[in-house]
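The values are calculated or read from the model by the stated rules, or taken from the named source; none is laboratory data. From a predicted model like this one, the values you see are computed outputs, not experimental measurements. Here the Cβ positions follow ideal geometry from the backbone for every residue, glycine too, while neighbour counts run over all protein chains shown. Calculation scope for accessible area: heavy atoms of the full protein, side chains included, ligands and nucleic acids excluded. Shrake-Rupley method; radii C 1.70, N 1.55, O 1.52, S 1.80 Å.
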Amino acid sequence: MRTLYLDCGMGAAGDMLMAALLELVDDKAAFLEKMNGLGLPGVAVSAVPAVKCGITGSHLTVLVGGQEEGEHDHHGHSHTHRGLREIRHLVEDHLQLPEAVRQDVLAVYDRIAQAESQVHGVPVEDIHFHEVGTLDAVADITAVCLLMHTLAPERILASPVRVGSGQVRCSHGLLPVPAPATALLLRGAPIYAGDLTGELCTPTGAALLTHFVTRFGPMPVMQVEASGYGMGKKDFPAANCVRAILGGTEEGADTVCLLACNLDDMTPEALGFAQERLWEGGALDVYTVPIGMKKSRPGVLLACLCREEEAGKLTELILRHTTTLGVRCSHLTRTLRPRSFRTVQTPWGPVTVKETPDGRGKPEYEEAATIARREGLTLSEVQEAAMEG
């Protein structure tokens, strides 16, 4: 299976992801020519070699009217505050993009808008992007989506994301690291601060990662075809870069852990609460089976399927939220049916659809349910609209 693995040991930003992916492209000059011909007003994208801690990679520069606008300046000097409506107009009416890429760009911005809406307590349509609304940020997001389309990996994986620590200055003032929107965008992904002070993962980087990455964890066994390094602007004791590795992995092979325990003294409500905590903790599946226990007591087998790196955390959750005194752990090999993801537009917003090679598709439940709740629709109405898209 053609797999792209993103090493985010120094975080992620839009320009770093763009540069790392560009290094995997055979004809870099042709891609940059395509980017510069998309129709972004006054935007010029160029790549130059860069060295961090003795490692050579690429640094991408985006000039707007001959000057750097700067998502990563964070000092609020740019006075261009675009809303979601303006971004949609720019992407839909002015950029010469394949439709699949256009939908990815809009979906990434919708993720950012949803996070900003929650942080600031205002409706999505009233959100005004500051740093992520500048034209260089639009170029970063568009380029990453276009590069993903060009490279066409069958699955995209990433390491846990190092976010940094301390404070960052943005248009709203000093904010803690990770910035509130970044923290929301990375919800569900494994993150850590590390020992470096500074913002290592930007909102743009977080939105791109959580849109494209299907699993965060250690790098799988791969036959490497190519690797690339996308360099950031700042210098740290460690090489400030995102590393992208493209290669083949054994199709369908995966190792998981099965955590299980027997219970006979919990109420249904308490057991349901424990299952919710396991889902929130990153379980792949959680289920119960009625069993007969010693002294003819009826009981319940609680089972939790998880990735190996999550087994310790989920075991602790089982011990904390159930009455069991022990958890069994088995290592299983499973065969996965190949699947791909595409973003479709519905009348109420984008929805991700999971598809198999034989054409079967299914909208992602949480995204469809969120729209149904927000718009007062039934779940089936949203799912049907997604499948028609």
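For the residue pairs K28/K362; K28/K234; K313/K362; K52/K313, the alpha carbons lie more than 26 Å apart in K28/K362; K313/K362; K52/K313. The label point for M387 and the one for D195, both projected 7 Å from the Cα toward the Cβ, are 5.4 nm apart. The residues M387, M16, sorted by heavy-atom accessible surface at 1.4 Å with ligands and nucleic acids left out, run M387, M16 from largest to smallest.
Taking the longest Cα principal axis of the chain as reference, the axis of helix 365-375 is set at about 70 degrees. What FRET efficiency, computed as 1/(1 + (r/R0)^6) with R0 = 35 Å and r the Cβ-Cβ distance, is obtained for Y287 and A152, rounded to the nearest 0.05? Approximately 0.50, to the nearest 0.05. Spacing of the modelled spin labels on A226 and R320, each 7 Å from Cα toward Cβ, amounts to 4.4 nm. Computed from Cα positions, the angle between helix 135-151 and the longest principal axis of the chain comes to roughly 60 degrees.
With a 1.4 Å probe and every protein chain kept in, tell me what percent of the accessible surface of the chain is carbon plus sulfur. Please report the intermediate quantities before stating the final value.
Numbers: 9490 of 18380 Å².
Looking at the chain in its full context, I get 52 percent from C and S.
Among H331, H149, the sequence by solvent-accessible area, most first, with a 1.4 Å probe is H331, H149.
L301 to V48: extension gain in nm, 0.36 nm per residue of separation minus the Cα-Cα distance?
My answer for the length gained is 85.3 nm.
Would you mind computing, in nm to one decimal, how far apart the modelled labels at T214 and S380 are, each placed 7 Å from Cα along Cα→Cβ? That separation, rounded to one decimal, is 2.9 nm. In the assembled protein chains, V177 presents an accessible area of approximately 20 Å² (probe radius 1.4 Å). Subtracting the Cα-Cα distance of K294 and K354 from their residue separation scaled by 0.36 nm leaves 17.3 nm.
With springs only between Cα atoms under 10 Å apart, run a GNM on the chain and tell me which of H321, H94, H211 wobbles the most. Per the Cα network of the chain with a 10 Å cutoff, H321 tops the list.
Can you tell me the length gained on complete extension of the stretch R373 to N36, counting 0.36 nm per residue apart and subtracting the Cα distance? Intermediate values should be presented prior to the final figure.
On the way: separation 337, 0.36 × 337 = 121.32 nm, distance 4.05 nm.
Stretched out fully, the R373 to N36 stretch lengthens by 117.3 nm.
Each residue of region 184-194 was assigned a 3J(HN,Hα) from its phi angle through the Karplus curve 6.51 cos²θ - 1.76 cosθ + 1.60 (θ = phi - 60°); the sequence is 5, 5, 8, 4, x, 9, x, 10, 8, 7, x Hz, with glycine and proline shown as x. Along region 296-308 the Karplus relation, 6.51 cos²θ - 1.76 cosθ + 1.60 evaluated at θ = phi - 60°, assigns HN-Hα couplings of 6, 7, x, x, 10, 8, 9, 10, 9, 9, 8, 6, 4 Hz to successive residues, with x for each Gly and Pro.
Of the GluC sites (Glu not before Pro) in region 353-389, the ones in a loop by DSSP (not H, G, I, E or B) with at most 16 other beta carbons within 10 Å are E364. Accessible surface for F236 stands near 40 Å², nearest 10, in the context of the full protein assembly shown (1.4 Å probe). With the whole protein complex present, D26 retains an accessible surface near 150 Å², based on a 1.4 Å probe.
Helix 268-280 and the longest principal axis of the Cα set of the chain meet at an angle near 30°.
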